[in-house]
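First the structure, in the form of structure tokens, and then the observations on it.
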Amino acid sequence: MTTSSFIQLSNAVVRARLIEDELIEDELIEAVVTSLIDKGEATSAYVLLEAHGSQESCEELHRRWGKLRPSTQKILASVAKLKKLENDKEQCRINHHKAEDEVKLFYKENSALLEENRRLLLHHCKR
């Protein structure tokens, strides 16, 4: 065997091992994702892709939905869930700020009412 043949064979073995490692990784990811993510969440992923159809990648995934691997659908479902959680977090932040503003307003109104009660009490006691 010549040196160049040996190098070519070595390179082929290395490529084969890399491909095998990638296949093992894909199978492991498929198994983990399939076991951890609920099947019912796939609908939210489909809706998310539909809503972001202006992005080429979303449009293409939406078009290919029925051909996607279950793990891919479930990963997209996780992305949809994350997006919903981000939106919920923002809404909670907005509601929190509104509640803080209302508390400040109620505090001012309560202070004014307390002062009025003191004034009325003093007026009543003087009679």
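The values are calculated or read from the model by the stated rules, or taken from the named source; none is laboratory data. Just so we're clear, the structure is a prediction, and the values are computed from it rather than from any experiment. Note: ideal-geometry Cβ built from the backbone for every residue, glycine included; neighbour counts use all protein chains shown.
Values computed for the structure shown
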{"read-out": "Residues (charged (D, E, K, R) and touching a residue at least 12 places away in the same chain (Cβ under 8 Å)) located in the range 80-127", "value": "Lys81, Lys83, Lys84"}
{"read-out": "Filter result (loosely packed, with under 10 Cβ neighbours inside 10 Å and either modelled with pLDDT under 70 or touching a helix residue (DSSP H, G or I) at 6+ places or on another chain (Cβ under 7 Å) (or both)) within the range 1-16", "value": "Met1"}
